[in-house]
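Everything below concerns the one structure shown next.
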Amino acid sequence: MLCLGIESSCDETAVAVVSEGGLLSERLASQADMHALFGGVVPEIAAREHLSVLPVLCREALAAAGAAPGDLDGVAVARGPGLLGSLLVGLSFAKGFCLGTGARLVGVNHLHAHLLAPGLELEMLFPALGLLVSGGHTHLYRMDSPGSFRLLGRTLDDAAGEAFDKVAKRLNFPYPGGRFLDELAQEAEPDHGLFPRAYIDNDNLDFSFSGLKTAVVTHVDAHPGLRAERMAGAGEPWGRGVDRAALARVCASFNWAVSDTLRIKAERALDRERGIRALVVAGGVAANSGIRAAMRDLARRRGLELFLPSPRFCTDNAAMVAHAGFLALSLGRRHGLDLEAVPRGRAVPEDWLQGAD
Ligand code: KG4
Ligand code: ZN
């Protein structure tokens, strides 16, 4: 079975082709530089850009896979959650493709696709605890199989990546600044008393990062030596004239506060859920060194197999969408041409048409 995957939920446009043998080809165009000028993603620009690059990427991905449009059995498209205008571009393209070729359409939950991404490289183990940490989401799931997810907890306000990016913006780092913060954090030991691990003194599995973000921003505002005057280039993101040692300590402490909060809630979920054999950590923020170390340690202590996708499968990509779509089609799931896009903040329905053509 050949399945095309289309990702256009935020600011990356990507197309990939998978078969039983795995990933055959992938093409990705990032708009990050365009949005960096504005310090965040501009939805109108994102949608227009998807529209202009999607046909080219699709042609190239098919050629690289040695496939003609008519060879495809299925077309998987990320249907949400994401930016509505951007999702609609991908959905319309996928629907047109299916109308023209007769391929089966399947809408994919972008968040589930992130958590299934390790399956592109390794055979996954279930039941698993899935932690999705990205720029837009922080979700904790029980995954009983590739087709069965149960949401256990989620952020009530900022996503982990959003907190990273907002703190980084205050420090005048280039957007998105999460990785610069992480890089600088390597130069210092964390001060565990500097920032609070927010929203842990309760008995639930939800997260809240906006209080932590405010605590860091307030600290930065009170210590002018921590912030560059103007946003520096990517070569030296923290800028000149900054107290680098003090800034590194702030970054390390913030990194630790986020990582340890995620660790506490993941550990609480493991105490409650029966039969968990694996821990999956996915999404762009899964590239964070502190989070990777905390989750590695947690998996070792609890005797779990750890699945951490390679960095290129952590950030938004179409391989994970094609893979999740391939798995859904294998389960007999598909959608009609009335498939709807789901904007951020709304739950993605499980509204497949099960079974035959
Ligand atoms: O999953 P993703 O590519 O986009 C969304 O679907 O949101 O994640 C992007 C997020 C951004 O917030 C970025 O700053 C963050 O991942 N990020 C990091 C690191 N690398 C990327 N945050 C912390 N530490 C990193 N090393
Ligand atoms: Zn994503």
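The values are calculated or read from the model by the stated rules, or taken from the named source; none is laboratory data. Quantities reported herein were computed from a predicted structural model and do not represent experimental measurements. Glycine gets a Cβ as well: all are built from the backbone with ideal geometry, and neighbour counts include every protein chain shown.
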- Task: State whether one or more residues within region 181-192 are under 17 Å from Gly39 (Cα atoms) and either at pLDDT 95 or above or within 22 Å of the chain's Cα centre (by Cα) (or both).
- Result: yes
- Task: Please work out if Ala168 is within 16 Å of ligand 1 (Cβ to nearest atom), within 27 Å of Pro343 (Cβ to Cβ) and part of a helix (DSSP H, G or I).
- Result: yes
- Message: If I filter region 22-36 down to residues being surrounded by 20 or more Cβ atoms within 10 Å (Cβ to Cβ) and in contact with an Asp or Glu (Cβ under 6 Å, 6 or more places away or on another chain), which single residue comes out as farthest from Cys58 (Cα to Cα)?
- Response: His35
- Residue among Thr214, Thr218 that alone is of a type in the set (Val, Ile, Thr) and surrounded by 15 or more Cβ atoms within 10 Å (Cβ to Cβ): Thr214
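Tally time: how many residues in region 11-21 are surrounded by fewer than 24 Cβ atoms within 10 Å (Cβ to Cβ) and either of a type in the set (Phe, Trp, Tyr) or within 10 Å of ligand 1 (Cβ to nearest atom) (or both)?
Qualifying residue count for the region: 1.
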- Message: Whether any residue in region 275-289 is crowded, with 17+ Cβ neighbours inside 10 Å, basic (Lys, Arg), touching a strand residue (DSSP E or B) at 6+ places or on another chain (Cβ under 9 Å) and farther than 30 Å from Arg227 by Cβ is what I want to check.
- Response: no
- May I ask you to say which residue of Gly96, Gly102, Gly39 is at pLDDT below 95 and surrounded by fewer than 17 Cβ atoms within 10 Å (Cβ to Cβ)? Gly39
- Residues of region 1-55 classified as away from ligand 2 (no atom under 16 Å from the Cβ) and either farther than 18 Å from Phe326 by Cβ or not hydrophobic (A, V, I, L, M, F, W, C) (or both), total: 23
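Any idea which residue in region 289-319 is farthest from ligand 1 (Cβ to nearest atom), counting only those that are at negative phi and in a loop (DSSP other than H, G, I, E, B)?
To start, the set of residues in region 289-319 that are at negative phi comprises 289-302, 304-319.
Among the residues that remain, those that are also in a loop (DSSP other than H, G, I, E, B) are: 304, 308-310, 315-318.
Working: Leu304: 23, Leu308: 13, Pro309: 11, Ser310: 13, Thr315: 4, Asp316: 4, Asn317: 8, Ala318: 13 Å.
Once the filter is applied, the top-ranked residue is Leu304.
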- Item | Hey, Gly345 out of contact with any Phe, Trp or Tyr (no Cβ under 9 Å at 6 or more places or on another chain) and more than 29 Å from Arg249 (Cα to Cα) or not | yes
- Taking the options Ala286, Ala322, name whichever one is within 14 Å of ligand 1 (Cβ to nearest atom), closer than 22 Å to Ser30 by Cβ and assigned to a helix (DSSP H, G or I). Ala286
- State yes or no: is Gly136 closer than 23 Å to Gly345 by Cα, modelled with pLDDT of 95 or more and within 16 Å of ligand 1 (Cβ to nearest atom)? no
- Message: Kindly evaluate Val167 against the criterion of being surrounded by 24 or more Cβ atoms within 10 Å (Cβ to Cβ) and more than 17 Å from the chain's Cα centre (by Cα).
- Response: yes
